[in-house]
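One structure below.
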Amino acid sequence: MGFVLIVLIFLAGMFDLYMAGSFLFTPLDAGAGLGVTAIGLMGGMQGAAAGISTIRADFTAFFGIAALCMMWGAWRRNGDLLLVPGLLFGASFLGRAVNVAVIGPYPAWWFPMLIEAFHFALLVAAWRILPHHRLQELAD
């Protein structure tokens, strides 16, 4: 069971690393795939530069840090490293759930939530199985 979780985490981490690279090198295309566009107040590419920069920086950081923690945690069999990406994907899932409740569903709204729920469940299960510190010990 532990080996299967490690393999799944490593594969999911590779997918997330690919996502990070997509946002770093092709932020407009990657953003459009998630329904995010860069619109500037001044118009044109110059006006959208701040939006492109935000897409490039924030999404790359989200997926990149999650991927590195997942892959490093899986490689080292260290459950503590899985807490960070688990919290990231759990918070993302919660944010999407609030959005669906407040604004309502949109076409294929469930798909990103499925990916985030998969990540969260996988990472929490692996955290419980792999060696880790108690949460209280991490806070001290």
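Round to the nearest 10 and give me the degree value, 0 to 90, for the angle of helix 2-25's Cα axis relative to the longest principal axis of the chain. Approximately 20 degrees, to the nearest ten.
Modelled this way, with points 7 Å down the Cα-to-C-beta line, the labels at Thr37 and Val84 are 3.4 nm from one another.
When Lys and Arg each count +1 and Asp and Glu each count -1, what net charge do the other residues less than 11 Å away from Gly2, Cβ to Cβ, add up to?
Details: positive: Arg77, Arg128; negative: none.
After counting each charged neighbour, the total is +2.
Only Cα pairs under 8 Å and 6+ residues apart enter the sum, and on that basis the relative contact order of the chain stands at 28 percent.
Annotation for segment 116-132 versus segment 1-66: alpha-carbon center distance of 22 Å.
Relative to the present Cα-Cα distance, how much length would full extension add between Leu114 and Met14 at 0.36 nm per residue of separation?
Details: separation 100, 0.36 × 100 = 36.00 nm, distance 1.77 nm.
Full-extension gain reported as 34.2 nm.
Within the set (i) 132, 36, 19; (ii) 52, 32, 32; (iii) 40, 34, 29, the number that Cα extents along the principal axes in Å takes when calculated for this structure is listed as (ii).
Where does the chain land at 222 nm, in deg cm²/dmol rounded to the nearest 500, when only DSSP H runs of n ≥ 4 count, each adding -39500 (n - 2.57), divided by all residues? Walk me through the intermediate numbers first.
Working: 8 runs with 103 residues, N = 140.
Helix-only estimate at 222 nm: -23500 deg cm²/dmol.
The numbers here are math on the coordinates, done by the rules we state, and not lab data. Treat the numbers as computed from the prediction; the structure is a model and nothing was measured. Using ideal geometry, Cβ is built from the backbone for each residue, glycine included, and neighbour counts are taken over all protein chains shown.
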